[in-house]
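Notes to accompany the following structure.
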Amino acid sequence: MQEHPDIDVLISEVGPRDGLQSVKSVMPTEAKCAWITAEAGAGVREIEVASFVPPKLLPQMADAAEVVAHALKIKGLTVAALVPNFKGAENAIRAGVHKISLPLSVSETHSKANLRKTHEQVLDEVRRIAELIRSLPEDQRPGFEGALSTAFGCTLEGPVPEDKVVQLAAALMEAGCNEVGLSDTTGYANPAQLRRLIRLVRAEVGEDRLSNVHLHNTRGLGLANALAALEEGITTLDSSLGGIGGCPFAPGASGNIVTEDLVFMLDAMGINTGINLNRLLKVREIVQEALPAESLYGFTPDAGLPRGYGRGGWGLGQEAA
Ligand code: ZN
């Protein structure tokens with residue numbers, strides 16, 4: 001993985017994966033590539049570009065290897081992908097990704113319903129993937145994150161015990177992940193819970209092994225949660241351009257936190273993400289054109305930037321476009 005000493009917070013764009021896998025429309029490969037290029041051009045350093053799942057399950061991701069091949073040509077971009085199992089990891093590694101992320105649902109009911117696997121079966125996949133990674137030459141090994149999904153509550157089980165999250169974080173590390181992340185898959189998290197869980201997990205696995213949270217804005221708490229995570233020392237935040245994907249449980253609500261709104265908040269606070277907000281806002285045109293039937297979300301894009309933004313006292317002084 002690449003280090004970014006010149007920025008304060010790393011925004012990891014997950015729209016091409018989390019967003020696109022939850023919309024009905026299939027985005028053409030060229031449009032995905034144009035999106036990734038434009039967003040990297042706006043200064044985004046890490047993009048989760050695809051999910052390596054069987055195309056018959058998710059036709060939206062059938063071009064995963066092609067999209068990765070394109071993204072790898074972009075200098076300075078960390079190319080990440082989601083993998084559900086060993087087979088997916090093999091394909092992602094063959095495609096050449098820099099980072100893979102494997103979800104482990106803390107709710108075992110959710111895990112069985114979605115991946116048809118118990119916790120122990122998922123951990124077995126993790127062990128096999130870790131072994132595969134270790135067999136590669138050192139400079140070709142991707143980063144390997146275990147993503148604790150439904151960490152803040154589950155639509156099937158309801159509340160998720162915090163000690164279960166901690167226990168599974170430890171199990172993921174023991175099985176061979178380099179780091180763990182906390183995912184609010186269902187949009188249940190609140191800032192107090194987020195702070196508590198970050199501290200508990202870090203006390204178990206080590207501070208430097210939990211640097212990323214994945215938040216949804218289902219109930220409008222996305223940015224409040226992001227701020228709570230930052231104040232706990234989290235340095236990587238997942239978000240999605242236009243918050244695309246929606247949420248099947250809350251019609252009209254956006255899915256992931258909206259990258260544009262997150263960048264606006266951080267920028268206005270003087271926290272450097274390395275992203276040019278004016279250029280980022282323009283990337284929406286590519287996505288909207290390729291997905292005419294989908295809604296894009298975001299308060300900042302709707303309201304526009306404040307008067308005088310980027311000229312002293314407002315944000316980091318990025319040039320007006
Ligand atoms: Zn998500």
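The values are calculated or read from the model by the stated rules, or taken from the named source; none is laboratory data. As the structure is a prediction and not an experimental result, all values here were calculated from the model. Here the Cβ is made from the backbone with ideal geometry for all residues, glycine too, and neighbour counts use every protein chain on show.
Quick notes on this structure:
- Contact map, segment 195-219: residues that are closer than 29 Å to residue 297 by Cα and in contact (Cβ under 8 Å) with a residue 24 or more places away in the chain paired with residues that are part of a strand (DSSP E or B) and more than 14 Å from the ligand (Cβ to nearest atom), Cβ distance under 6 Å, separation 6+ or inter-chain. Pairs shown: 210/180; 211/236; 212/236.
- Scanning segment 146-185 for residues that are within 13 Å of the ligand (Cβ to nearest atom) and out of contact with any Phe, Trp or Tyr (no Cβ under 7 Å at 6 or more places or on another chain) returns 147, 148, 149, 150, 151, 181, 182, 183, 185.
- Residue count for segment 277-290, restricted to those that are surrounded by fewer than 23 Cβ atoms within 10 Å (Cβ to Cβ) and modelled with pLDDT of 95 or more: 9.
- Extreme residue, nearest to residue 208 (Cα to Cα), among residues of segment 125-161 that are of a type in the set (Val, Ile, Thr) and assigned to a loop (DSSP other than H, G, I, E, B): 150
- Test for residue 84: is it within 15 Å of the ligand (Cβ to nearest atom) and surrounded by 22 or more Cβ atoms within 10 Å (Cβ to Cβ): no
- Test: residue 221 is within 16 Å of the ligand (Cβ to nearest atom), more than 15 Å from the chain's Cα centre (by Cα) and over 21 Å from residue 39 (Cα atoms): yes
- Note on segment 77-101: among residues that are in contact with a strand residue (DSSP E or B) (Cβ under 7 Å, 6 or more places away or on another chain) and assigned to a helix (DSSP H, G or I), the one that is nearest to residue 145 (Cα to Cα) is 89.
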